[in-house]
Each structure stands twice: as C-alpha cells, then as structure tokens.
Amino acid sequence: MTSRKLFLFICLCLFSSGFFSQELFPTSEPASNVPKGVLGVRLTEESYKEVSLYRNLVSARIMYGLFSKLTLMANFTETNHHGPDFPAGLAFHTHNGNQSVFGSGNYQRGVVYPYLFTGIDLYAKFRFLTIDGEHSHLRMALYGEWSNVDVAHDEAEPTLLDDTKGYGGGLIATVLKNHLAVSFTGGFIRPGGHDGMSPDIYGGPMVPTTLTYGNAWIYNLSFGYLLLPVHYHNYDETNVNVYLEFKGKSYGEASIVQYGVKPVPIQTPLLQAGNYVDVFPGIQTILHSNMRIDFSVGFPLVGQSYAHFYPVYMFGIQRYFYLRK
C-alpha cells in the first residue's frame, strides 16, 4: 500500500470513528473520541483587553486515543493573569468598567504580570453510547478532569484549566444529522483553595490568607454546521465549519480566612455567588483532513463573568499523528 493510500485509509477510519468535522467544536469537547492509537497536539491562545494591555492564556494540549472509547488529554498552560500575591483589598475589590474599586479608593486595572506556568490539567473521556444512522449519529460520553493549578486567583468563579486546582466531571451528548451537529455538556467543578499573602483587611501588614473558591456547575450548548464542501469528493478537500456555542456556569460564594482563624466578610460581587452565559460565534477550517484551525469570539449573553473582560478572542491550531498502521 502506498503512503498516500495509507494516509487516505487512516483518514477514512478517523471519520468513520465519528470525527465529523462539524462536531470539532472550538471551545467545547464533543462526545466523540480520538481514535485508538492516534496522537493529537493542540495549541490555543485566549486573549482579552484589560485597560491598555492584553491578558493572554497559552495552552498546549496532548490527546491520545488509548482505546476506541477512551481518550486521554493533558493540558499545560501559561498565563499573565495573576500576580504572586492576592491584590490589596481582596474582600472589597470590584470591577467598574476597566477599573477595580476598593471602598474609598480606586485601583487601576491593567497591572503588568509576568507570564507564569500555572500547572497541569488532566482530562479523560469515555464514550459509552454510540448509535449510527444514515448521515447521522448519536454519541454520549462521561468525562473527568483533575488540575493541580495553584495561583492567586481572586474571583469566586473556578476554572480548572488556568485558575484553580481541583476536580470535575460530567456528561456530554452529541447529535449529528447531515451537516448539523449539536452537543450539550453538563458537569461540575469542585475547586481547591489557594494559600497566599494579602494585606490585613483592617490596614495591617501582609498576612497569610486562604481563599476557597465556589463549587460550580457548567452547562454548554454548541452548534456546528458544515458549509464546505457540500459533497465530499476526496479527503484532501478543505472543510469550512461555522459554530455558535453557549457556555454557562453557576458557582457558589468564595470564602476568605486570615490568620488561619478569622473569616473575612465578602463585600464584592467578584467573590459572591454568580451565574452567566457567554456566547461564542466561531469559524473553523480543516486542511487535508488533519490540520484544524479555529477562531472564535466570546461576548456576554446573560450576566457576565468577572474572571475576564470582553470580548474574549480564542485561536487554536491542531494536528493528529497516526502512530499505528
């Protein structure tokens, strides 16, 4: 078998395993798996403007199909989102436009932080249901996630990829019919706390401070539509997909303890319980059935996240490597 025929055969196996392009959502995982023996590498960048500078998150993801129904992933993330310590006025600070307000005074956002390696996020997905039809299928999967990220995150909202350590899990259901794919993710996050330093809330010196973040529920709904090609003629054809993704989260109130015993009253919405839904329209192209390029932009739809400003720009590039013939 020639190398070109082998490549096309592997691509055929890849697509027959459920990896239809319109369900490769830019910001959410589908219920389909990476095929057994296939290694994927994905680089993503998330950016938003805070006053006069950009906050950036850069993540490298390694994916591997251990079995036909089990995919393993590891994410390595670097950001300039956090300083070495909690900000002054931790229990009082809030966002007002592009500023944070601390009671009687204003603290200008846009402080320059160095890029820091935040930690490792591990993810496993097990597909337990597969129903195939003519030009359609249904996939359902369970996922679990664990993170050792430990940074001075100063909002109640937890995010395992770059803000908080902890664990989570949930259910993914993905339906494909002709050119349209729809996927729902429902899950939870149980974050760990962070031990750092912060000024005493009554004006004293820097003291040991523990911030415990709120537990969270996530609910994402994603739509993907294959624009091109209208009909496949070969696997070298360029795919163009458009997406509309809704990403929701509800989370509980954070708690602050100083000196190991003294609870600090929460007086800012950044550390109170909250919920929101963001919307991410996006576009994707897939070259030669292997090279995937994503771009999407996030806006607030219901409420808002205090963990970032808007709009949020997301860019990703991904490629698969076939380790087994």
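The values are calculated or read from the model by the stated rules, or taken from the named source; none is laboratory data. No experiment lies behind these values; they were computed from the predicted model shown. Don't worry about glycine lacking a Cβ; one is built from the backbone with ideal geometry, like all the others, and counts go over all protein chains shown. These accessible areas exclude ligands, DNA and RNA; they are computed on the full protein's heavy atoms, side chains included. Shrake-Rupley method; radii C 1.70, N 1.55, O 1.52, S 1.80 Å.
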Hey, among the residues in the stretch 114-134 that are in a strand (DSSP E or B), without any contact (Cβ under 8 Å) to a residue 40 or more places away in the chain and not aliphatic (A, V, I, L, M), which one's least open to solvent (accessible area, probe 1.4 Å)?
Gly133
The stretch 248-270, subset open to solvent by less than 50 Å² (accessible area, probe 1.4 Å) and touching a helix residue (DSSP H, G or I) at 6+ places or on another chain (Cβ under 8 Å), residue modelled with the lowest pLDDT:
Ile256
Residues of the stretch 151-164 satisfying the condition of being without any contact (Cβ under 8 Å) to a residue 60 or more places away in the chain and over 14 Å from Tyr123 (Cβ atoms)
Thr164
Top-ranked residue of the stretch 44-62 - restricted to ones that are over 23 Å from Ala74 (Cβ atoms) and either of a type in the set (S, T, N, Q) or part of a strand (DSSP E or B) (or both), ranked as farthest from the chain's Cα centre (by Cα)
Ser52
For the stretch 135-216, which strands (runs of 3 or more DSSP E) that fit wholly inside it have 1 or more residues that are more than 27 Å from Tyr115 (Cα to Cα) and of a type outside the set (Gly, Ala, Ser)?
136-147, 166-177, 180-191
State yes or no: is Ser21 open to solvent by 40 Å² or more (accessible area, probe 1.4 Å) and at pLDDT below 95?
no
Could you check, for the stretch 301-318, whether at least one of its residues is within 22 Å of Ser183 (Cβ to Cβ), open to solvent by less than 20 Å² (accessible area, probe 1.4 Å) and touching a Pro at 6+ places or on another chain (Cβ under 7 Å)?
yes
Residue within the stretch 227-247 that is closer than 30 Å to Arg319 by Cβ, open to solvent by less than 50 Å² (accessible area, probe 1.4 Å), within 16 Å of the chain's Cα centre (by Cα) and polar (S, T, N, Q) present
no
Flagged pairs (Cβ under 7 angstrom, 6 or more apart or on separate chains; first in the stretch 139-150, farther than 22 Å from Lys177 by Cα and open to solvent by 40 Å² or more (accessible area, probe 1.4 Å); second assigned to a loop (DSSP other than H, G, I, E, B) and at pLDDT 95 or above) are Glu145/Leu160; Asn148/Lys165; Asp150/Lys165
Give the stretch 215-271 a look and list any residue that's among the β-branched types (Val, Ile, Thr), out of contact with any strand residue (DSSP E or B) (no Cβ under 9 Å at 6 or more places or on another chain) and closer than 30 Å to Leu287 by Cα, or say none.
Val230
Which members of the stretch 37-79 meet the condition of being touching a Lys or Arg at 6+ places or on another chain (Cβ under 6 Å), closer than 21 Å to Pro311 by Cβ and without any contact (Cβ under 8 Å) to a residue 60 or more places away in the chain?
Val51
Identity of the residue in the stretch 135-158, closer than 18 Å to Phe86 by Cα and out of contact with any His (no Cβ under 8 Å at 6 or more places or on another chain), that ends up modelled with the lowest pLDDT:
Glu155
Within the set of pairs 6 or more residues apart or between chains, which connect a residue that is under 16 Å from Met206 (Cα atoms) and among the hydrophobic types (A, V, I, L, M, F, W, C) inside the stretch 252-269 to a residue that is open to solvent by 50 Å² or more (accessible area, probe 1.4 Å) and in a loop (DSSP other than H, G, I, E, B) with Cβ atoms less than 9 Å apart?
Ile256/Pro265
Ala273 vs. criteria in contact with a Phe, Trp or Tyr (Cβ under 7 Å, 6 or more places away or on another chain), open to solvent by 20 Å² or more (accessible area, probe 1.4 Å), under 30 Å from Met197 (Cα atoms) and small (Gly, Ala, Ser)
yes
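Every residue in the stretch 214-225 that is out of contact with any Gly (no Cβ under 7 Å at 6 or more places or on another chain) and open to solvent by less than 10 Å² (accessible area, probe 1.4 Å), please. It would help to see each step written out before you state the result.
First pass over the stretch 214-225, keeping only residues out of contact with any Gly (no Cβ under 7 Å at 6 or more places or on another chain): 216-217, 221-225.
Ala216, Ser222, Gly224, listed by residue number.
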